[in-house]
Amino acid sequence: MFHLRLDNLVPMTGKEFKEWRRRLKLTQSEVAKALDVTEMTVYRWETDKAPILRTVELALKQIESESKVRALSKTSRSRSR
């Protein structure tokens, strides 16, 4: 399982980025829209053709957190029906 390494000085790799995206079941297009970048930028990150900045890693952590909240909300709504 991939963990965001916010306390580490080593930047996220393209492989780690792609694993993160797939684990959350997001498309390149969805990630691009959430981060307000182009799909080409996401592609470049995933293929290590462009560096993944620390600010992007922080944004990914926020997206993941929000994703978990939505999943929990869905689960509790379906149980209450």
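Do the conditions hold for residue 59, that is, is it of a type outside the set (Phe, Trp, Tyr), in a helix (DSSP H, G or I) and farther than 18 Å from residue 11 by Cα?
Here the answer is no, as residue 59 does not meet what is asked.
Could you count how many residues in the range 27-52 are outside any helix (DSSP H, G or I), within 21 Å of residue 65 (Cα to Cα) and either touching a residue at least 40 places away in the same chain (Cβ under 8 Å) or basic (Lys, Arg) (or both)?
1
Of all residues in the range 35-58 being touching a Pro at 6+ places or on another chain (Cβ under 9 Å) and of a type in the set (A, V, I, L, M, F, W, C), which is farthest from residue 16 (Cα to Cα)?
This residue is 53.
List, please: which pairs have Cβ atoms under 7 Å, are six or more places apart or on different chains, and start with a residue in the range 64-81 that is assigned to a helix (DSSP H, G or I) and end with one that is modelled with pLDDT of 75 or more?
These pairs meet every condition: 64/24; 67/24.
For the range 59-73: of the residues being among the basic types (Lys, Arg) and over 13 Å from residue 21 (Cα atoms), which is nearest to the chain's Cα centre (by Cα)?
Filtering the range 59-73 for residues that are among the basic types (Lys, Arg) and over 13 Å from residue 21 (Cα atoms), the one nearest to the chain's Cα centre (by Cα) comes out as 68.
The values are calculated or read from the model by the stated rules, or taken from the named source; none is laboratory data. Keep in mind it's a predicted model, so treat the numbers as computed, not measured. Glycine gets a Cβ as well: all are built from the backbone with ideal geometry, and neighbour counts include every protein chain shown.
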